[in-house]
Structure formats: structure tokens, C-alpha cells
1. What is the Cα convex hull volume of segment A:1-156 when expressed per residue in Å³?
2. Over what distance in Å are the Cα centres of segment A:59-134 and segment A:34-50 separated?
3. Taking the alpha-carbon centroid of each part, what is the distance from segment B:161-214 to segment B:262-294 in angstrom?
4. Note the per residue figure in Å³ for the convex hull of the C-alpha positions in segment A:69-141.
5. Within 10 Å, count the other beta carbons around each residue, average over each peptide in A:265-277, B:69-81, and list them highest first.
6. Using the scaling law 2.2 N^0.38 Å as the reference, what is the normalised Cα Rg of segment B:3-290?
7. Pop out the Kirkwood hydrodynamic radius of segment B:48-109 from its pairwise C-alpha distances, inverse of mean 1/r, in Å to one decimal.
8. If amide H atoms are built 1.01 Å from N in the plane of the peptide, which residues on other chains or at least 5 residues away come under 5 Å of the amide H of A:L95?
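Rule-based calculations on the coordinates, nothing more; no lab input. Everything numeric here is computed off the predicted structure, so don't read it as measured data. Note: ideal-geometry Cβ built from the backbone for every residue, glycine included; neighbour counts use all protein chains shown.
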There are 2 protein chains.
Amino acid sequence: MTAYFEEFISKYKKILETELATAIDKLEAPLTLKDAMAYSLKAGGKRIRPLLLFAAIDAFGEKPETGLQTAIALEMVHTYSLIHDDLPSMDDDDLRRGKPTNHKVFGEAMAILAGDGLLTYSFQLIANDPYLDSDKKIRLLHLLSKSAGPEGMVGGQVADIQAENRNLKIADLEYIHNHKTGRLLTFSVMAGAIIGGATELELTLLEKFSGHLGLAFQISDDILDVEGDEGIIGKPIGSDNGKLKCTYPSLLSLEGAKTHLSSHIEEAKHCLAQTNLKTDLLENLTELVAGRDR
Amino acid sequence: MTAYFEEFISKYKKILETELATAIDKLEAPLTLKDAMAYSLKAGGKRIRPLLLFAAIDAFGEKPETGLQTAIALEMVHTYSLIHDDLPSMDDDDLRRGKPTNHKVFGEAMAILAGDGLLTYSFQLIANDPYLDSDKKIRLLHLLSKSAGPEGMVGGQVADIQAENRNLKIADLEYIHNHKTGRLLTFSVMAGAIIGGATELELTLLEKFSGHLGLAFQISDDILDVEGDEGIIGKPIGSDNGKLKCTYPSLLSLEGAKTHLSSHIEEAKHCLAQTNLKTDLLENLTELVAGRDR
């Protein structure tokens with residue numbers, strides 16, 4: 001990591017986390033609901049999605065702060081999806097990033113409502129953004145809802161549930177990941193491009209970039225699940241495998257998965273190189289995604 | 001009911017129901033998810049919220065069809081809230097409008113995701129509405145998310161859960177209803193006013209109107225729960241009471257609740273009379289809400 005990149009990450013993670021807390025604080029809502037929403041927002045992680053958004057805005061020479069409300073909204077949508085995915089009727093996970101999952105702390109009803117609240121509030125934050133004009137906000141809200149809804153993340157989660165204990169082909173697995181995690185990662189990049197004022201060509205190249213990035217992200221996650229250290233990633237190693245879920249290593253072998261990962265990283269970088277944008281932060285994030293310390 | 005009002009109801013319910021089905025049909029999403037979303041949307045009801053929206057647009061002399069996408073979105077948000085409220089960890093209801101609840105048919109995971117999908121899709125539909133300009137769409141999206149989120153419906157549901165088995169004062173009960181059901185009813189009227197091009201004064205009067213209407217709606221529902229016929233409303237009589245929930249009849253006596261209802265209906269009509277709008281449909285809907293056949 002270059003010093004510039006490290007500084008970017010640490011600066012914007014801090015800004016994001018402060019603003020996430022402020023956004024919850026100022027809600028006029030029952031305290032327990034705010035606590036439950038804040039609990040999972042604070043649980044951390046690398047904040048890859050907001051950082052991608054900030055980096056994409058930076059690529060256009062605009063101030064990343066322009067995307068702050070969208071970044072908060074994006075992290076809230078991601079967090080809602082984790083809370084609902086962890087529920088007993090879904091993945092039934094007790095731990096997330098080494099901490100008890102939301103429903104383990106607040107109970108199932110409050111966890112469902114905290115997720116519902118985060119999802120709904122995210123749209124309110126973008127609609128209320130004082131720094132963007134209505135046309136840009138509508139483009140962001142349309143893309144976010146499409147990326148997170150039945151045609152995106154929710155559809156991917158349904159496909160994932162239906163795939164459990166079934167043998168999948170690589171195309172089925174890519175469908176699931178493209179929807180379950182890919183669409184929101186793509187939104188992260190595209191939202192930055194919309195805020196930055198991208199041309200049609202730039203939008204096309206960045207969409208392609210984010211597609212490769214999303215798959216690299218998932219393959220790397222699957223590899224981590226096989227190789228990782230429980231203490232670092234905060235969930236039992238091989239937990240996906242224990243449930244007979246198909247993964248890239250189980251379909252392609254560990255070495256095959258690593259080759260697949262490298263090829264998506266190269267394709268992603270190739271897309272960036274075709275733009276005339278200042279893409280160093282996006283390139284660094286791509287390498288971070290392929291790494292093992294997230 | 002006048003013939004004009006009856007025709008209005010039957011015409012716009014039909015348009016709404018056709019468009020709800022079309023909106024689900026055209027989704028590129030897993031079939032089971034679409035089935036689960038459509039199941040609860042088709043389960044019927046009086047469609048009070050979309051009808052209020054259409055009636056409010058009509059009050060400004062505009063074509064109700066201008067609000068069709070918003071009406072669909074609104075009914076989806078309402079339906080998502082019913083699906084999540086019925087879940088085993090919430091109200092644990094097996095029947096809704098005389099039919100098995102969503103999780104009884106599709107399982108708990110799919111019911112949660114069908115709700116998530118309906119909520120998210122509703123924002124997509126408004127953002128994508130080809131008949132409204134971006135400024136109006138942003139106003140609608142902001143008001144909808146605020147009305148449905150932590151400061152509105154989700155907050156009200158949390159307060160409702162926390163109130164179970166506790167003795168409430170009338171002010172606590174009104175807080176719950178103002179948020180849990182009131183805010184979305186207010187949105188129905190205000191969205192029509194925004195689409196119809198209301199002045200600030202008209203917005204203020206219609207907001208006040210919808211506040212009284214919302215409370216009338218809830219009091220009438222509580223009275224129905226004591227007096228109603230199980231076959232008509234499709235859930236066991238006195239089911240709220242069986243769970244030791246406070247209701248208007250339990251706090252004010254049945255007669256007291258009826259007086260309270262009448263006073264809110266009168267206040268609501270008084271607000272309408274202060275506008276110079278064509279409010280006959282809104283008046284008729286107010287009377288329908290106070291009635292017992294919904």
C-alpha cells in the first residue's frame with residue numbers, strides 16, 4: 001500500500017464512521033431501535049463499498065465528500081443485508097466479525113426491524129442530500145433500489161438459499177454472487193461515477209470494472225474461508241462448507257480458484273486502464289479486495 | 001356511498017390490482033420470490049392507501065392515473081409491513097385477511113425476503129416513474145422513506161412491540177398508532193397533494209386532515225376487533241385483546257372509543273372544508289374508514 005492510499009483509507013473510514021454515528025443519533029426513533037441499528041453499523045469491517053464510492057469520485061477529480069450521504073446510505077444497505085442474512089431462518093449465524101450477531105443481542109424481532117430501518121433510512125438520506133441535484137439523486141436512488149432489490153441483492157439471497165445442499169455449476173454460482181454481492185459493489189463504483197459526472201463510455205468501462213471486482217471479491221472470500229484464520233475473519237473456518245454450500249474452491253480446486261481470481265483482477269485493472277481517469281485509488285482497492293487481510 | 005364514489009373505488013381498485021400484478025411480472029428475479037411477493041399483494045383488502053392517494057390527486061383536478069406508480073409503491077410498502085408484522089418473532093399470525101400468512105405458505109426466510117423485496121422495489125418504481133419530474137419524485141421518495149422508516153412505521157412497530165403486556169396511557173397509544181399506521185396514511189394523502197401541485201397552505205390542511213383520518217382508522221379497527229364478525233375481517237375476534245394489547249375500547253370503554261372516533265371524523269371533515277379543493281372523494285373515503293365493512 002502506498003502512503004497516499006493508506007492515508008485515503010484511514011481518513012475516509014474515519015469520516016464515514018463519524019457520519020454513520022451522527023446519522024443514527026439524529027433520528028427521532030425509539031432508543032432500542034437506534035441502538036440495534038448502531039450496533040451493527042459500528043461492528044466495523046473494511047468499509048470496502050463506501051471506499052470504492054469515494055475512490056470513484058476521486059477518479060473524476062471531485063471531492064470524495066460529495067458522496068458522503070450516498071456512502072452512508074450504501075453502508076446501511078450493506079449492513080441491513082448482513083443483519084437479515086444472519087437471522088435464524090436464513091444463515092443462522094451467531095457471530096459476525098467476531099461479535100454476536102444482531103439478533104443474538106437484540107432478539108429476532110428487533111433485528112428484523114433494525115434491518116428494515118437501515119434499508120428505509122438509506123433512501124431517506126440520499127433523497128435528503130443537500131449537495132446533489134434532484135436528477136443525480138433520482139439516478140442514485142433508482143440504481144440503489146434496483147441493485148439492492150428483487151433484481152439485485154434480494155434476488156441473489158433467494159437464489160443462494162435455494163442453492164443450499166444442491167450441486168451447482170460455475171454459472172449458477174456466478175449468478176448468485178453477481179446478485180447477492182456483485183450488484184451492490186457495482187453500485188458503489190457507479191454511484192461514484194454518477195456523482196463525479198461520468199460520460200456514457202466511462203460508465204460502461206466502470207460497470208465492467210466493477211463486475212470483475214465483484215467476482216474477485218467473492219472468490220477471494222471463498223479462498224479466505226478455506227485458508228483463513230478464525231481469529232482474523234471472526235467466523236468459524238469452513239462454515240460455508242459445513243453447510244454444503246458450493247464455493248469456488250470446491251468447484252475449481254483451491255489452485256483453480258486462485259487462477260480465476262487473478263484473471264478477474266487483471267480484467268478489472270484492464271478496464272481502468274482504458275479510461276482517462278485518475279484511477280490509482282481504485283487500483284489499490286482492487287488489490288486490497290484480492291488480498292487476505294480484509 | 002354515491003354512485004360516483006362507488007365507480008371511483010371499483011375503477012381504481014381494478015387499475016391498481018392490474019398494475020400491481022404487472023409490476024411483479026416484469027421483474028427479472030427468482031420465481032419463488034416473485035410468487036411470494038405477488039401472494040401477499042393479491043391478498044386484497046380495501047386498498048385504502050392507494051385510493052386515498054388517487055382521491056387526493058382528484059381533489060386538485062388532476063387525473064388520478066398520474067399517481068399510479070406511487071400508488072403501487074405505497075401498496076407494496078404497506079404489504080411488506082404486514083408480511084414482517086405477521087412473522088413468528090413479531091405478531092406470530094397464521095391468518096391475514098382469511099388466508100394463510102406469507103411465512104405459513106413460503107417459509108420464514110422467503111417471507112422476510114419478500115418483504116425486503118417489496119420495500120426496496122417500491123423506491124425503484126417511484127424513482128423510475130416516467131410521468132413525474134425529478135423534483136416531485138425526490139419529494140415523494142423523501143416523504144415515503146421518512147414515513148416508512150425509523151421515524152415512522154418501523155419506529156411505530158418497535159414501540160408497539162415494547163408496549164405489549166404493559167399498561168399504556170392514551171398518549172402512548174396515539175404515539176404508536178401515529179407512527180405504525182398513521183404516517184403511511186398521511187403519506188397517501190400528502191403524496192397525492194404533491195403530485196396534484198398543492199400550495200403550502202393546502203399541504204398543511206391535508207396533513208392535519210390525514211392525522212385525524214389515521215387515528216379514526218385505528219380506533220375504528222380496535223372497535224371492529226371487539227364487535228366484528230370473524231368471517232368478515234378474517235382474523236380471530238379479540239386477538240389483540242388475547243395478547244393483552246391496549247386498545248381504544250380497553251382504555252376508553254367501547255362507548256368512549258366511539259365518541260373519540262366521531263370526533264376525529266368531524267375534525268378530519270372540518271380540515272377538508274377549509275380547503276378550496278374538490279374533496280368529495282376524500283370525504284367519502286373518510287366515512288368508509290369510519291365504517292365497519294373494510
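1. 120
2. After rounding, the separation between the Cα centres reads 7 Å.
3. What the calculation gives is 14 Å, centre to centre.
4. Values: hull volume 6.3 nm³, N = 73.
So the per-residue Cα hull volume is 86 Å³.
5. Working: A:265-277: 17.3, B:69-81: 26.2.
Highest-to-lowest ranking by the protection proxy: B:69-81, A:265-277.
6. With N residues counted in segment B:3-290, Rg over 2.2 N^0.38 Å equals 0.96.
7. Computed over Cα pairs of segment B:48-109, the Kirkwood hydrodynamic radius comes out at 13.2 Å.
8. Placed amide hydrogens put A:T101 under 5 Å from A:L95.
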